[in-house]
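Report on the structure given below.
Only the coordinates and a few stated rules stand behind these numbers; no lab work does. Treat the numbers as computed from the prediction; the structure is a model and nothing was measured. No Cβ is skipped: glycine too gets one built from the backbone with ideal geometry, and neighbour counts run over all protein chains shown.
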Amino acid sequence: MSVCLGLFDSGVGGLTVLRSILQRHGPVPTVYLGDTARVPYGSRSPAEIRSIAAEVVAWLKHQHVSTVVMACNTTNALARDVAEGQAGVPVVGLIGAAAAMVRETRVGVLATPATVASGAYRQSIEALNPGTLVVQQACPNFVPLIESGDLSSQELREEAMGYLTPLLEASVEAVILGCTHYPLLEPLLRSLLPPDVRLIDPAEGVARQLDALLGYPIPGRPERPLSLENTRLCVTADPESFARRATPWLGARPIVEGISLRREG
Ligand code: DGL
């Protein structure tokens, strides 16, 4: 089977993972599915999230992907087993990759309510780094505000200040961006955190985890220019709006297909 990665997320967030992979590995064949009809996932029940994961992975399987990349922490936290059972091909996730990137002893995790409630980040970090203090913060308003497309609003800034307060009070040394939408807020979060607090983007770990499959980059080589020539972008609702919102992150306006998960193809 030739290599084709299948990425999925609820919306634009997984593009941060796609971008990391393409910048490290060049224009790998990929199919990206943004389930924009059902965003946000992070305020849904575990049962709903598991049923959604089964459906999107079944669709990716139908596209003949050779590896599934869960470009969504929420499904990773609650439905990794579902994805693995459904995929029939290797599944790569974010949470283990992020835990492996932790070097600090006081770590904050920003994530969706469902991811925080699952405890998946705390368990993964503590398993790899016993004794680490993990301060988790659910950020229910981030994804709806990010999907609305205005990343410089005062509302977003105020939400960010509120969400960061418990992490600052606990003097964390690093903050994990535990939802793939949040790297889109990196400049805002950076401006609100002390300069010595490290931001950890799990997507970098995922891109590195794919080295064995896609090849090890030559040491010192700069990031590849972002090319979507082998990428198919699909969404379950409103492809035009997705294309517009994705443009700043992808460097050019992409072609986006509207698909139905219940229809094959
Ligand atoms: N970007 C996803 C995540 O990493 C889903 C966010 C959402 O839809 O709530 O958790």
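At a glance:
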item: Any hit, region 62-70, residues being within 16 Å of the ligand (Cβ to nearest atom) and over 14 Å from the mean Cα position of the chain (by Cα); result: no
item: Close pairs (7 angstrom Cβ cut-off, 6 or more residues apart or separate chains): within 22 Å of P144 (Cβ to Cβ) in region 26-49, within 12 Å of the ligand (Cβ to nearest atom) and acidic (D, E) anywhere; result: G34/D9; V39/E147
item: Residue list for region 232-255, filter: buried (at least 19 other Cβ atoms within 10 Å of the Cβ) and without any contact (Cβ under 8 Å) to a residue 24 or more places away in the chain; result: P239
item: Residues within region 205-255 that are under 20 Å from Q23 (Cα atoms), of a type in the set (A, V, I, L, M) and not in a helix (DSSP H, G or I), tallied; result: 7
item: Yes/no for A54 being in a helix (DSSP H, G or I), touching a helix residue (DSSP H, G or I) at 6+ places or on another chain (Cβ under 7 Å) and under 26 Å from V175 (Cβ atoms); result: no
item: Region 51-61, residues that are in contact (Cβ under 8 Å) with a residue 60 or more places away in the chain, within 16 Å of the ligand (Cβ to nearest atom) and either touching a Phe, Trp or Tyr at 6+ places or on another chain (Cβ under 9 Å) or under 22 Å from S20 (Cα atoms) (or both); result: V56
item: Checklist (1) part of a helix (DSSP H, G or I); (2) buried (at least 18 other Cβ atoms within 10 Å of the Cβ) applied to V69, failing item; result: (1)
item: Residue check, Y41 in contact with a helix residue (DSSP H, G or I) (Cβ under 6 Å, 6 or more places away or on another chain), closer than 26 Å to E223 by Cβ and among the aromatic types (F, W, Y); result: no
item: Residues (of a type in the set (D, E, K, R) and in contact with an Asp or Glu (Cβ under 9 Å, 6 or more places away or on another chain)) located in region 166-225; result: E173, E186, D196, R198, D201
item: Index of the failed condition, L15 passing every other in (1) under 17 Å from the mean Cα position of the chain (by Cα); (2) closer than 21 Å to L214 by Cβ; (3) more than 12 Å from the ligand (Cβ to nearest atom); result: (3)
item: Pair list, Cβ < 8 Å and 6+ apart or interchain, from region 75-104 residues that are closer than 17 Å to Q136 by Cβ to residues that are in a loop (DSSP other than H, G, I, E, B) and more than 13 Å from the ligand (Cβ to nearest atom); result: A99/N129; V102/N129; V102/T132; E104/T132; E104/V172; E104/E173
item: Of all residues making up region 18-50, the number that are within 14 Å of the ligand (Cβ to nearest atom) and among the β-branched types (V, I, T); result: 3
item: Region 99-147: number of residues that are closer than 30 Å to A237 by Cβ and not polar (S, T, N, Q); result: 18
